[in-house]
Amino acid sequence: MPHPLFSLEGRVALVTGSSRGLGFAMAEGLAEFGATVVLNGRNERALAEGASKLNARGLRAEIAAFDVTDEATTRAAVDAIAGRHGRLDILIANAGMTIRKPLEEWTLAQWNEVIGADLTAAFLVTQQAVPHMKKNKYGRIIFTTSLTALRGRPGIHAYVAAKTGLVGMTRSLACELAEHGITVNGVLPGYFETALNEALLANKEFVQFVNDRTPMRRWGKPHELAGAAIYLAAEASSFVTGQQIVVDGGASAQM
């Protein structure tokens with residue numbers, strides 16, 4: 001049994017964008033520490049496979065397939081989750097995407113698509129989750145931000161803008177929600193081996209570029225983000241809000 005400071009027994013957690021990658025890894029970590037996790041994404045089959053893996057280990061997991069960029073759908077889904085369990089304690093807003101191309105090739109539609117998925121969706125799902133957290137005077141909201149909020153990269157302008165916006169929104173929401181027993185923080189990952197980074201991982205020169213600038217000389221594995229999420233979701237972080245936990249192998253610490 002985990003120490004009471006880290007136990008999530010009896011807690012209900014919604015993790016968006018959790019059919020795979022960092023989202024699934026964080027959901028798995030929460031479930032291992034006792035939470036009932038609700039996996040979210042648009043691919044119901046992928047979600048069901050993920051939930052089955054967790055259930056097979058005796059962990060509590062279910063699915064909620066919905067598009068977090070759709071306000072009405074998100075409202076209905078969050079209300080249904082909270083109604084079914086009588087509570088919603090933890091939200092990890094992790095869903096996101098990126099587009100990589102030079103500035104001149106971007107269209108406004110592409111810009112809006114990335115901002116919508118990476119920033120607006122986090123706002124929408126948080127807006128719907130907070131009333132349920134206020135009822136119990138307890139909540140943990142965690143945003144998946146990015147090293148690019150600290151260190152820019154060419155070609156991913158909307159992604160960098162959205163993730164930087166999430167860092168700012170973390171602070172503003174933390175100030176507003178603290179009196180209701182709700183903390184708001186971010187996990188700020190560096191370069192991880194995920195499907196979102198498949199194109200980068202296929203580029204040997206870029207992989208070496210990242211390794212050379214990371215003191216640990218490697219990319220992160222998805223499960224290595226879970227510890228930060230567990231901490232921010234648990235009582236251990238009860239006096240922590242408005243912050244970012246950087247999980248990047250030291251990349252942001254090195255010139």
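Only the coordinates and a few stated rules stand behind these numbers; no lab work does. Keep in mind the model is a prediction, meaning the values are calculated, not measured. All Cβ positions, even for glycine, are placed from backbone atoms using ideal geometry, and neighbour counts span all protein chains on display.
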Report the convex hull volume per residue for segment 165-205, counting only C-alpha atoms, in Å³. 86
For M97 and A56 in the same chain, what is the full-extension length gain: residue separation times 0.36 nm, less their Cα-Cα distance, in nm? 11.8 nm
To two decimal places, what compactness ratio does the chain give when its Cα radius of gyration is scaled by 2.2 N^0.38 Å? 0.96
Of V184, V37, how do they rank once you tally other Cβ atoms within 10 Å and put the fewest first? V184, V37
Based solely on its DSSP helices, what 222 nm [θ] is calculated for the chain when runs of n ≥ 4 H residues each add -39,500 (n - 2.57) and the sum is averaged over all residues, nearest 500 deg cm²/dmol? -13000 deg cm²/dmol
Compute the normalised compactness of segment 127-191: alpha-carbon radius of gyration over 2.2 N^0.38 Å, N being the residue count. 1.27
What whole-number distance in Å separates the alpha-carbon centres of segment 140-180 and segment 49-97? 21
Taking only the Cα positions of segment 58-192, the convex hull volume per residue in Å³ is 122
Select from the chain the helices, each a whole stretch of DSSP H, whose alpha-carbon atoms run 15 Å or more along the helix axis and whose Kyte-Doolittle mean is at least -0.5; answer none if there are none. 21-32, 44-56, 71-85, 121-136, 157-177
Treat the count of other C-beta atoms within 10 Å as a stand-in for reagent exposure and order T107, T194 from fewest to most. T107, T194
Please report I141, I115 as a ranked list, fewest other C-beta atoms within 10 angstrom at the top and most at the bottom. I115, I141
Taking Cα atoms of segment 141-235, Rg/Rh with Kirkwood Rh, to two decimals? 1.02
Separation of segment 192-228 and segment 115-137 by C-alpha centroid, Å? 29
